[in-house]
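Here is the structure we will look at.
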Amino acid sequence: MVLTIVGVVIFLLILLGIRDYTQKQHTILRNFPIIGHTRYILQKVGPGMRQYWVTNDKEEQPFNRDERSWVYRTAKNIDNHFGFGTTEQQYGIGYPIIKHATFPFPESKVVHPAGDPTAIPCLKVMGESHSRRRPFRPKSIINISAMSYGALGKNAISALNLGAAQAGAYHTTGEGGISPYHLLGADIVWQLGTGYFGARDEAGNFSFDVIARQVEENPQIRAIEIKLSQGAKPGKGGVLPGNKVTPEIANIRGIPVAQACISPSSHSQFHDVNSMIEFIETLAEKTGLPVGIKSAIGEMAFWEELSEKMMQNRCGPDFIVIDGSEGGTGAAPLTYSDHVSLPFKVGFSRVYQSFQKNGIANDVVWIGSGKLGFPDRTVVALSLGCDCINIAREAMLSIGCIQSQACHTGHCPTGIATMDPKKMRGLVIENKAERLTEFLRGYRKELNSLAHTAGLEHPAQFTPDKIEVSSGVNKFQELGSIMGYTPEPVPFHGMDSLFKPSDQNAKEDSMH
């Protein structure tokens, strides 16, 4: 019996050797039959081996081991403290320091809106400055960024939506449209990309009437976000591989089953600033909702013209999401990921200053995105003028992502970025939803703590003078002097002034 098995193995190896020697696609296998496969095996398992055995806690990208550990521990509601001092290079150029106050904000004066000790409502109301019929104040300044059903599986989308609902955060749909798994309780920001999925009539044409009907049937849709571009691949349309286009996805998006879904690189409903503003105003009129835009930042002429037109006409987007080139949930060509669009701090500062120059910075709710899902980065973004932060990969980490970087392959081992039922089975919705809830609450708790340490009541009160940035050994400068501006102060009358019965958002909630 043993000899038979050995004989079969030897015979199979001989066949493999002949195949390797005669094939013409792979030089290594042609020159080194059989043993050449070792190279491909090591290439396959190498990233995982380096992740756990070779790299140190600060080396990995895009999120190092310490960052992932903080997310995992916070999501599991276990001790997320680190002992024995910092391992950061604090004199490294660009390293931020948050300046604490000699007299912190007293705990005796801390107010918890809606009874949640981690709640941090947005200081601004979306749509208020443009008198929309259904203005919306986000209950949380930390919310879930756009990730489509299809790019993520139904279990992942369900866990994100349930977790966001439990934490009082909103959930952005992604350009793939509104799926049943986006409708499990959280406030929804419906993203419209260039494909207008979910907003097309039976002939495949964009339809304002379809949008109005969707909004009427789903009152949890609180705002509409028009995606101009995203940090991972600005100037390119979205791509959903054919192996992810299931019959359900095809039905939601109105596309053929099992065929790659490719969004155009530009919008068909507008082509310049004037037509975009007209499109936004029509959407707002048809739905009553605040309407905003999302974009990575490249050339500035568009933003300068937009801010001027908005100043002159007092209309246009109610909120603007600025995505840094650090963003990464969308698969992209390497050059796009590495070299197209500006990093967040640079891009956001340029756009904000354009609006500030025209006196309308406070007419817009500013939302930052692109690897900002950690308290220190959030504080820097808030000090530059952001009102809210959208997170994507950090939310994925909280529900089990292990940074295998296989999102675009359909073979995500944690069942998040895949439509494979066998892989999705491992993601238990209720358990992962609770992880996201705990992560958002723990994240906000630390943000509140940092604000109090700096003598502030609300994290959005951070200003650039509260941050110093290293520009070399023994050289630290205030963030404002580096970026060249100080954001407009947002009126704030204490945490207890948010979500009173007279608040417009509370009125809107009572309607539904």
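Since every read-out is calculated from the coordinates, none of them should be taken as a lab result. The model shown is predicted, which means the values in this text are computed figures rather than measured ones. Methodologically, a virtual Cβ is constructed for each residue, glycine included, from the backbone with ideal geometry; neighbour enumeration extends over all protein chains shown.
Run the simple label-point estimate for residue 299 and residue 493 please: 7 Å along Cα→C-beta, distance reported in nm.
Label at residue 299, label at residue 493, 4.5 nm between them.
Looking at 319, 303, 288, which one has the Cα that reaches farthest to the positive end of the dipole of the range 257-400 (charges on Cβ: Lys, Arg +1; Asp, Glu -1)?
Result: 319, furthest along the dipole toward the positive end.
What is the dipole size for the range 263-342, taken about its Cα centre, with +1 at each Lys and Arg Cβ and -1 at each Asp and Glu Cβ, in debye to the nearest 20?
About 220 debye.
Once you put a point 7 Å from the Cα of residue 338 and another 7 Å from the Cα of residue 18, both along the Cβ direction, what distance in nm separates them?
4.3
Exactly which trypsin sites (Lys or Arg not before Pro) in the range 124-199 are in a DSSP loop and have at most 13 other Cβ atoms within 10 Å?
Working: sites: 124, 132, 133, 139, 154; in loops: 124, 132, 133, 139.
Sites meeting the loop and neighbour criteria: 133.
May I ask you to compute the full-extension gain from residue 9 to residue 406, defined as 0.36 nm times their residue separation minus their alpha-carbon distance, rounded to one decimal in nm? Show your work: numbers first, answer last.
Numbers: separation 397, 0.36 × 397 = 142.92 nm, distance 3.27 nm.
Result for the pair: 139.7 nm of gain on full extension.
Say R0 is 45 Å: what FRET efficiency, to the nearest 0.05, do residue 25 and residue 445 get from their beta-carbon distance? Working shown, then result.
On the way: r = 55 Å, r/R0 = 1.22.
Result of the calculation: an efficiency of 0.25.
If you average the sequence gap of Cα pairs under 8 Å that are 6 or more apart and divide by the length of the range 264-360, what percent do you get for the contact order? Don't jump to the answer; show the numbers that get you there.
Details: 104 pairs, mean separation 29.6, N = 97.
It rounds to 31 percent for the range 264-360.
Kindly state, to the nearest 0.05, the FRET efficiency for residue 475 paired with residue 65, given R0 = 35 Å and r defined as their beta-carbon distance. Walk me through the numbers on the way to the answer.
Working: r = 29 Å, r/R0 = 0.84.
About 0.75, to the nearest 0.05.
Identify the residues of the range 250-272 with backbone N under 16 Å of a label point that sits 7 angstrom from the Cα of residue 239 along the Cα-to-Cβ direction, or state none.
It comes to 259-266, nothing else.
For the charge dipole of the chain, defined by +1 on Lys and Arg C-beta atoms and -1 on Asp and Glu C-beta atoms about the Cα centroid, which residue among 5, 385, 146 has the Cα displaced farthest towards the positive pole?
Farthest towards the positive pole: 5.
Evaluate the relative contact order of the range 353-512 (contact order divided by residue number), counting alpha-carbon pairs under 8 angstrom at least 6 apart; express in whole percent.
20 percent.
Exactly which trypsin sites (Lys or Arg not before Pro) in the range 173-233 are in a DSSP loop and have at most 13 other Cβ atoms within 10 Å? Each step should come with its number before you reach the end.
Values: sites: 200, 213, 222, 227; in loops: none.
The qualifying sites: there are none.
How much net charge surrounds residue 216 when only the other residues with a Cβ under 12 Å from the Cβ of residue 216 are counted, with Lys and Arg +1 and Asp and Glu -1?
Details: positive: 134, 213, 286; negative: 209, 217.
Around residue 216, the charge tally is +1.
In degrees, nearest 10, range 0 to 90: what is the angle between the Cα axis of helix 273-287 and the longest Cα principal axis of the chain?
Orientation of helix 273-287: about 80 degrees from the principal axis.
Helix-only mean residue ellipticity at 222 nm, the chain, DSSP H runs n ≥ 4 weighted -39,500 (n - 2.57), per residue, nearest 500. What is it?
Details: 17 runs with 187 residues, N = 512.
Helix contribution divided over all residues of the chain: -11000 deg cm²/dmol.
Taking 0.36 nm per intervening residue step and subtracting the Cα-Cα distance, what contour gain separates residue 271 from residue 88 on full extension?
Working: separation 183, 0.36 × 183 = 65.88 nm, distance 4.60 nm.
Gain on extension, residue 271 to residue 88, equals 61.3 nm.
Please give the contour-minus-distance gain from residue 77 to residue 131: 0.36 nm per residue of separation, less the Cα-Cα distance, rounded to one decimal in nm.
Extending this stretch completely gives an extra 15.4 nm.
In nm, give the distance between the simple-model label positions of residue 376 and residue 201, each being 7 Å from the Cα along the Cα-to-Cβ direction.
Computed distance between label sites residue 376 and residue 201 equals 5.5 nm.
Quick one: putting +1 on the C-beta of Lys and Arg, -1 on the C-beta of Asp and Glu, what dipole do you get for the chain around its Cα centre, in Debye to the nearest 20?
On the way: 50 positive and 50 negative charges, 316 e Å.
Computed about the Cα centre, the dipole is about 1520 debye.
Express the relative contact order of the chain as a whole percentage, based on alpha carbon pairs under 8 Å and six or more residues apart in sequence.
Details: 981 pairs, mean separation 103.4, N = 512.
Computed value for the chain: 20 percent relative contact order.
Out of all DSSP beta bridges with both ends in the chain, state the antiparallel percent to the nearest 5. Walk me through the numbers on the way to the answer.
Working: 11 of 41 bridges.
Beta bridges within the chain, antiparallel portion: roughly 25 percent.
Of 448, 261, 214, which is farthest towards the positive pole of the range 111-449's charge dipole, taken about the Cα centre with +1 and -1 on the beta-carbons of Lys, Arg and Asp, Glu respectively?
448
Given a cut-off of 28 Å, name the pairs among 227/357; 109/371; 309/445; 371/466 whose C-alpha atoms lie farther apart than that in the structure shown.
Checking Cα-Cα distances, 109/371; 309/445 exceed 28 Å.
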